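Participant: Once you've had a glance at the structure underneath, I'll fire off some questions.
The values are calculated or read from the model by the stated rules, or taken from the named source; none is laboratory data. The shown structure was predicted, so the numbers you read here are calculated from the model rather than taken from an experiment. We work out accessible area using only protein heavy atoms, side chains counted, and drop any ligands, DNA or RNA first. Shrake-Rupley method; radii C 1.70, N 1.55, O 1.52, S 1.80 Å.
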Amino acid sequence: MNLADQLPVLPVIVPLIAAAVAGLLPRGRTAWARATFISWVTFALTLMLLQQVSVASSVTYELGGWTAP
């Protein structure tokens, strides 16, 4: 498994995990810096997914052991 295989789900999972971690962190400049960093990471992941879709025209991801339609 590599990053390209997990790309369809990462733009959803990364912000969810980051939000849970952000709730545990103290407020201040570092919290804003971390939120900005995660936003840019999510943006980069979506650009990578866009590039993958533009090449393959469609991307499927099996989640929970269910087959893709």
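Participant: Give me the percent of Cα-Cα pairs in the chain that sit more than 18 Å apart, rounded to a whole number.
Facilitator: Pairs farther apart than 18 Å: 49 percent.
Participant: Carbon and sulfur: what percent of the chain's accessible surface (1.4 Å probe)?
Facilitator: 69
Participant: Just need the relative contact order of the chain here, percent rounded to a whole number, with Cα pairs under 8 Å and 6+ apart.
Facilitator: 41
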